[in-house]
Structures are given as structure tokens and as C-alpha cells.
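Here the structure comes first, spelled out in C-alpha cells, and everything after it is commentary.
The values are calculated or read from the model by the stated rules, or taken from the named source; none is laboratory data. Remember, predicted model here, so these are calculated numbers, not experimental data. Backbone-built Cβ (ideal geometry, glycine too); neighbour counts: all protein chains shown. Just so you know, the surface numbers come from the protein's heavy atoms only, side chains and all, with ligands and any DNA or RNA stripped out. Shrake-Rupley method; radii C 1.70, N 1.55, O 1.52, S 1.80 Å.
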Amino acid sequence: MAQLFHPGANNIAKASLVLAVILGGSAFYAYTQIARSSYLTNQYLEKQQPVQFSHRHHVGDDGIDCRYCHTSVENAASAGIPPTQTCMNCHNQLWADSPYLEPVQASFRDNKPIKWERVHDLPGYAYFNHSIHVAKGVGCSTCHGQIDNMASVYQENTLQMEWCLSCHRNPEQFIRPKSEIYNMEWSDSDLTAEERSKLKVDYKIRSRELLTSCSTCHR
Amino acid sequence: MLTNKPNAGKKSMTFQGKNVLRFAVLVFCVSFFLVGTACRYDMQDQPRYKAYKESEFFSDGKAMRDFPEGTVARGQLNENKALHTGKKENADPNAQVETTTDELGNTIVSSFPNAIEKMPINVTKETLDRGEQRYKIFCMVCHGPVGKGDGMVVRRGYPQPTTYHDDRLRNAPVGHFFDVITNGWGKMNGYASQIPVEDRWAIVAYIRALQVSQNPEIKSGEADSTDKAAEDNKNETEQTGEAETQEPAADNGGAN
């Protein structure tokens, strides 16, 4: 191996070798932390929406089922953003003259959709389908958190690949009975590990190899 | 390296050439890092439409297109009139209906000449379970858990719907309920876009079950045995209105 330092190199030059390793390591560590930070993942970030819509009120106080508005969650990739018509089912009578609802009234009057700000935005190279998840025992709150407590909805999880894989590797840690999918109070400890393992068999959830295969999510 | 003594470069020109090369590699690495991370967002936001995305191409700004009027999707001709409208084949839109006026001045329709009397689907246990589930999603918010019109949205101030449990609606044909879910009635909007046809019929079946549950027909023999059961503090009857009224008595007996 060739000589690393020129004969004239001083001690600072030699110490720089050690420093380079430390700096490089620190930079890499910083990179991993920044990449997971909410600054880049938008986790916990509340967005200003055109209407001050509160899930805490509609789900928590009024007890309206998720599927009343998100009608396609059981049948399609997208859970469905309700048309303004759905808002008007109640708000043609309730708070119909409230200035808070003017954007909704305007949307209904002019037949123009409300421009909601997207909170959960998956990258274009990731395939995601709501219907298969709810059909296999993954509840709403497992990914979305306790929506019934959120006055304005934020992203509960990072939505990063390592987060997806944490469940795709061990789905039996997170699944629940199908009757409890829309239960916001559900806790993973409501079932024992054995019961959840049995659910995995009952729901015919595929092997870890298939669930973590590249083409399962990158199609 | 950068810490070489100043006279190092003077000794040989090739060494200075190496320095320039190393510097170029460093610049390349840094710029690759900066440019490379920017590439990531191109792949994240690919130039294609996802559901509900905004479009600059269409004048209404919607990437999701509405069907042209009159479009019939394959298998959705909806030619079975009874199934898709709840109305008779020979329905007469001008048929006369009997109406009364309630104390609030609302017109109450009490005859339904065009609505079909018989369920157009087979009703099984699964149908009723499905109907119960869908009722609790879409109907319970206003009509309440058993259909008395005391749902949470009504308690918040929405005009109260009529109860299912009066003679008028107990005797109303199933087609009427289907028509109301599909097209709305009074203050209620139609739910055709939120509930598929089969689910609407399942809900109708469940409403019928609710009506029976709140007005159980008790034959004289059964009533006797129920009374006897209450006396014996055995409340093993079905969960009917009758059984509920007897529960306090049974509880008292248990407390003794």
C-alpha cells in the first residue's frame, strides 16, 4: 500500500484521519435522524383546510361511522373524500347559515369541489389499497391514530417504508377482529398474541415473504 | 491533502494534478448529493393523476371525470324495475295518494299505491346482519338505534323524522322504504350515491325487523309463559319490548 501521508504531514493532518471518521459517522447519523424527522415526513403536521372541519366533533361527539362519508373504504384503493352532497345531508338544516360553512355552501351552490389539503400523501411509487387492509383486519386507528380526538387531522405515523414494513413483517402484532375495524378505542392489547396469531390464519394473511416482496407495494 | 505544506506542490507538478483531481471528485460528490436528493421528489410526485387530484387540463379542474349523462356500465342496466326503484312494473306516476296533515302542518302520505309489497331479494340471516350494519352507519345518526327518530343528529337540532313504529309505516310496503332511501323524503336527502342497491334492500329488511322488535305479536299462550318466567325470575325471553319492561322486576328478584 502506498504511503498515506506525505513526509511533511504534521500531527493535525494525521488527526484529520480520525476526525474524518467521526465527522462522517456523525453526518450519517444526522442524515438518518433528519430523514425520519417530522420536518421531512410531515408527521404530526396539521394543515390549514378550507373548512374548519373537525373529526373530533363528527366522529367523537356525534358518533358518525367512518363509512358514512368514506364510503369506498371497503371496496376501493381510496377511502373516498365525500362529495359536498354528503355534507348537505345534515348541513342543509344544521348550521346552514353559519359563516364557518360558507365554503361548503359555495361548493354546493356552484357545483365546485372543496379544495381540501391532502394530509396523507404517499409517494407515487408506492401502491396502497384501503380495501385489502380493512378486509384483513387492519383497523383505521392502527395507521391513522385516534381520529375521533383530532380537531384537525394530522399524520399519526411517518408513512415511511420502514413503518410499512414493521407491520408487513409482523402483521399479527397489529390486526384485530373485523367487527372492531372502525372502533377508534381499540388497543392492540385487547387481544392476546395467540388470538391475534389465530386471526392471521383465519384471515388468510399471506406469508412474510410475500408481504415484504418488492412488487407487493412497488408495482 | 489540504493540510500539505505550501511547498509540497512546488516539488512536483504531478502532485498538484492529483490535488485538482481530488478536489473535482469532492465537488462531484457534493453536487451529486444535492442534485440526487432533488431527484427523489420527481419520483414522489409523478406526472399522473391520483384519486381526487386537481387537473389543469379539464376546465372544471377535476382529474376524476363524471360519467357522461346516460352512461350505462356493463352489468348496470338496472332493467329490473322492482329491484332498482322499489316500484311496481305498472306504476302510475299520477296515482292518487291519501294524505293527512300533522299538527306541525307537514303533509303525511299514508297510501303508497306504486310501491312493491314483496322484497325483491332473498332475505337471510346474512341480509339482516348486513342491514343492521349499514343501518348503523347511514341511518342511525338521525333515525336512532331502533328507529324512533331520536338519533344524535336530531338531538343536535335536525328536524325529527317520524318514528317507524306507527301503524302507517308498519303497514307501508317495502318499496316505499326503498324509494325513500334512494330518492329522499321530506327533509331527508337521497342516499343512492352512498348505499348500493343490495345494501338498501338489506336496510329495508332490517327496518322491518326493527318494527317487529318494537311491536311484538304475543299470542295468548306465549304471553302466559312469559309472565310465568318473570315470576320465576328467569328472564330467558328474546330481547323484545315485553322482555325489557320485565327486566327491573327480574333484577329486584335477584337482589333479594
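If a residue has to be in contact with a Pro (Cβ under 6 Å, 6 or more places away or on another chain) and more than 9 Å from chain B (Cβ to nearest Cβ) to count, how many in region A:46-85 make the cut? Please lay out each step first, then the result.
In the first step, residues of region A:46-85 are kept if they are in contact with a Pro (Cβ under 6 Å, 6 or more places away or on another chain); the result is A:50-51, A:69.
Adding the requirement that they be more than 9 Å from chain B (Cβ to nearest Cβ) leaves A:50-51.
Within region A:46-85, residues that are in contact with a Pro (Cβ under 6 Å, 6 or more places away or on another chain) and more than 9 Å from chain B (Cβ to nearest Cβ) number 2.
For region A:137-181, how many residues are over 16 Å from the mean Cα position of the chain (by Cα), surrounded by fewer than 18 Cβ atoms within 10 Å (Cβ to Cβ) and either closer than 21 Å to A:D202 by Cα or of a type in the set (D, E, K, R) (or both)?
7
Can you name the residue in region B:166-179 that is under 18 Å from B:N106 (Cβ atoms) and part of a loop (DSSP other than H, G, I, E, B) and is also most open to solvent (accessible area, probe 1.4 Å) among such residues?
By that ranking, first place goes to B:D166.
Each row is one residue, and each column tells you yes or no for (1) modelled with pLDDT under 85; (2) among the charged types (D, E, K, R).
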{"residue": "B:G17", "(1), (2)": "yes, no"}
{"residue": "B:P47", "(1), (2)": "no, no"}
{"residue": "B:K53", "(1), (2)": "no, yes"}
{"residue": "B:E89", "(1), (2)": "no, yes"}
{"residue": "B:A95", "(1), (2)": "yes, no"}
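What is the number of the single condition among (1) of a type outside the set (D, E); (2) within 11 Å of chain B (Cβ to nearest Cβ); (3) in contact with a Ser or Thr (Cβ under 8 Å, 6 or more places away or on another chain) that A:M88 does not meet?
(3)
Which ones in region B:182-192 are within 18 Å of B:G151 (Cα to Cα) and either touching a residue at least 24 places away in the same chain (Cβ under 8 Å) or not assigned by TED's automatic domain parsing to the domain that holds B:I203 (or both)?
Hits for region B:182-192 are B:G186, B:K187, B:M188, B:Y191.
In region B:180-192, which residue that is within 15 Å of the chain's Cα centre (by Cα) and farther than 20 Å from A:L94 by Cβ is surrounded by the fewest Cβ atoms within 10 Å (Cβ to Cβ)?
Going through the qualifying residues, I end up with B:A192.
If we only count helices (runs of 4 or more DSSP H) wholly inside region A:29-109, which ones have 2 or more residues that are open to solvent by 40 Å² or more (accessible area, probe 1.4 Å), hydroxyl-bearing (S, T, Y) and closer than 30 Å to A:R219 by Cβ?
Details: elements: A:38-41, A:66-69, A:84-91.
Those helices (runs of 4 or more DSSP H) span A:38-41.
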